[in-house]
Amino acid sequence: MNFIFRKGTIADKEKLQALGILSYSQHQQAMTSENWDKYNSFISNPETFTYLLSTSTCFVCEYNAEIIGMAFLVSNGYPTEMFEDTWSYIRMVGVNPSFGGKGIAKKLTQMCINYAKETNEDFIALHTSEFMNAARHIYENFGFKVVRELRRYDKKYWIYLLELNT
């Protein structure tokens, strides 16, 4: 398969949102309907992707001119309740389920790590959940370490951190 990896732009917003809905919907069965509604309202909100595209660097994977994979790298200076001010962090790694297992998420994660190194970030963080086992395996193979555990949507989540430039 001829995958094209590139940076995403605001022109990709609608396709990114559609991919987010498609790729994250596979987790619906892991949640209560109430928690799924909260989770889905975040993914389905167009402002989510407007904000991500304005505060991060987006990487995408295309196949036949369709976006089938995405990842966002937020630079340090955008702290949240999960991420510290000095950390860059990866958000919304998603792959069209029809293309799972082809190394797309791994390649997008590597692109985020490489870009974080190029832009002199000291740390890169991310979070993942107990129902995203394949993702956890990818991140642990890159050397990310769990630094915190929390609960979201009544599920166990972990904050992972990778120290860069060491």
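The values are calculated or read from the model by the stated rules, or taken from the named source; none is laboratory data. Just so it is clear, the structure is predicted and the values come from calculations on it, not from any experiment. We place every Cβ from the backbone using ideal geometry, glycine too, and count neighbours over all the protein chains shown.
Odds and ends about this structure:
- Search result, residues across the range 149-164 that are in a loop (DSSP other than H, G, I, E, B) and at negative phi: 164
- Selection within the range 5-37: residues that are out of contact with any Cys (no Cβ under 8 Å at 6 or more places or on another chain), charged (D, E, K, R) and at pLDDT 85 or above. The member of this set that is nearest to residue 67 (Cα to Cα) is 15.
- Where helices (runs of 4 or more DSSP H) fall wholly inside the range 1-69, the ranges with 1 or more residues that are farther than 21 Å from residue 98 by Cα and among the β-branched types (Val, Ile, Thr) are 46-55.
- Summed over the range 82-125, the residues that are outside any helix (DSSP H, G or I) and charged (D, E, K, R) give a count of 6.
Every residue, every condition in (1) farther than 24 Å from residue 11 by Cα; (2) free of Cβ contacts under 8 Å to residues at least 60 places away in the same chain; (3) not aliphatic (A, V, I, L, M), yes or no:
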site	(1), (2), (3)
26	yes, no, yes
49	no, yes, yes
67	no, yes, no
112	no, yes, yes
125	yes, yes, no
